[in-house]
1. Given the options THR66, THR15, name the one that is hydroxyl-bearing (Ser, Thr, Tyr) and out of contact with any helix residue (DSSP H, G or I) (no Cβ under 7 Å at 6 or more places or on another chain).
2. Quick one: count up the residues across the range 97-114 that are in a loop (DSSP other than H, G, I, E, B) and either within 18 Å of ALA18 (Cα to Cα) or among the small types (Gly, Ala, Ser) (or both).
3. Identify all residues within the range 1-56 that are among the small types (Gly, Ala, Ser), over 15 Å from the mean Cα position of the chain (by Cα) and modelled with pLDDT of 90 or more; write none if there are none.
4. When you look at GLN82, is it in contact with a Pro (Cβ under 7 Å, 6 or more places away or on another chain), modelled with pLDDT of 95 or more and either charged (D, E, K, R) or not in a loop (DSSP other than H, G, I, E, B) (or both), yes or no?
5. Of all residues in the range 90-132, which are loosely packed, with under 10 Cβ neighbours inside 10 Å and at positive phi?
6. When only residues in the range 67-79 that are assigned to a strand (DSSP E or B) and of a type in the set (A, V, I, L, M, F, W, C) count, which is surrounded by the fewest Cβ atoms within 10 Å (Cβ to Cβ)?
7. Mind listing whichever residues of the range 92-132 are aromatic (Phe, Trp, Tyr) and touching a residue at least 40 places away in the same chain (Cβ under 8 Å)?
8. For ASP64, work out the one condition from (1) closer than 16 Å to VAL31 by Cα; (2) in a helix (DSSP H, G or I) it doesn't fulfil.
Amino acid sequence: MMAVQYYEGVGRRKTATARVRLWPDGEGKFVVNDKPLNEYFAREWDVLYMLKPLQVASMAENFDVTVLVKGGGMTGQAGAVQLGIARALLKANPDLRSMLRKGGFLTRDAREKERKKPGLKRARKAPQYTKR
């Protein structure tokens, strides 16, 4: 049987999509869209948020991570990457399911932007009512 080259997981959040690949026997390198992690995601909060599944599973140093992420904004992309990492970890080690589920990393955040309706100013904001 051939050794696995990498474990892949796809994560989505709002309009962002991330394709995450975990390469076994790595030294903890993290590349997003051919840039180092801290160069692509400038906010430290986003970086910490994304790495949570790896830290909970205590596998941050076991894998090299490469990510292709498209669409959305920075926060949406960070959420998509987090879900992608969790799904890829699950493929690498199915025993982590209960730990990742407990941390809430395997749940897709289904909240999307609601569309604007005709006759309204935004999705739900109606024009001010005037009696006269």
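1. Working: THR15 fails: out of contact with any helix residue (DSSP H, G or I) (no Cβ under 7 Å at 6 or more places or on another chain).
Only one candidate qualifies: THR66.
2. Residues of the range 97-114 in a loop (DSSP other than H, G, I, E, B): 104-114.
Subsequent filtering for residues that are either within 18 Å of ALA18 (Cα to Cα) or among the small types (Gly, Ala, Ser) (or both) retains 104-112.
The total comes to 9.
3. Kept after step one, since they are among the small types (Gly, Ala, Ser), are these residues of the range 1-56: 3, 9, 11, 16, 18, 26, 28, 42.
Retained after the next criterion (residues that are over 15 Å from the mean Cα position of the chain (by Cα)): 3, 26, 28, 42.
Correct list: ALA42 only.
4. Details: in contact with a Pro (Cβ under 7 Å, 6 or more places away or on another chain): yes; modelled with pLDDT of 95 or more: yes; either charged (D, E, K, R) or not in a loop (DSSP other than H, G, I, E, B) (or both): yes.
When the stated conditions are applied, GLN82 passes them.
5. Within the range 90-132, just GLY119 meets the criteria.
6. Narrowing the range 67-79 to residues assigned to a strand (DSSP E or B): 67-70.
From the residues that got through so far, the ones that are of a type in the set (A, V, I, L, M, F, W, C) too are 67-69.
Values: VAL67: 24, LEU68: 16, VAL69: 21.
Per the criteria, the residue is LEU68.
7. Step one: of the range 92-132, the residues aromatic (Phe, Trp, Tyr) are 105, 129.
Once the filter is applied, which keeps residues that are aromatic (Phe, Trp, Tyr) and touching a residue at least 40 places away in the same chain (Cβ under 8 Å), the range 92-132 yields only PHE105.
8. (2)
The values are calculated or read from the model by the stated rules, or taken from the named source; none is laboratory data. Keep in mind the model is a prediction, meaning the values are calculated, not measured. Here Cβ is always computed from backbone atoms with ideal geometry, including for glycine, and neighbour counts include all displayed protein chains.
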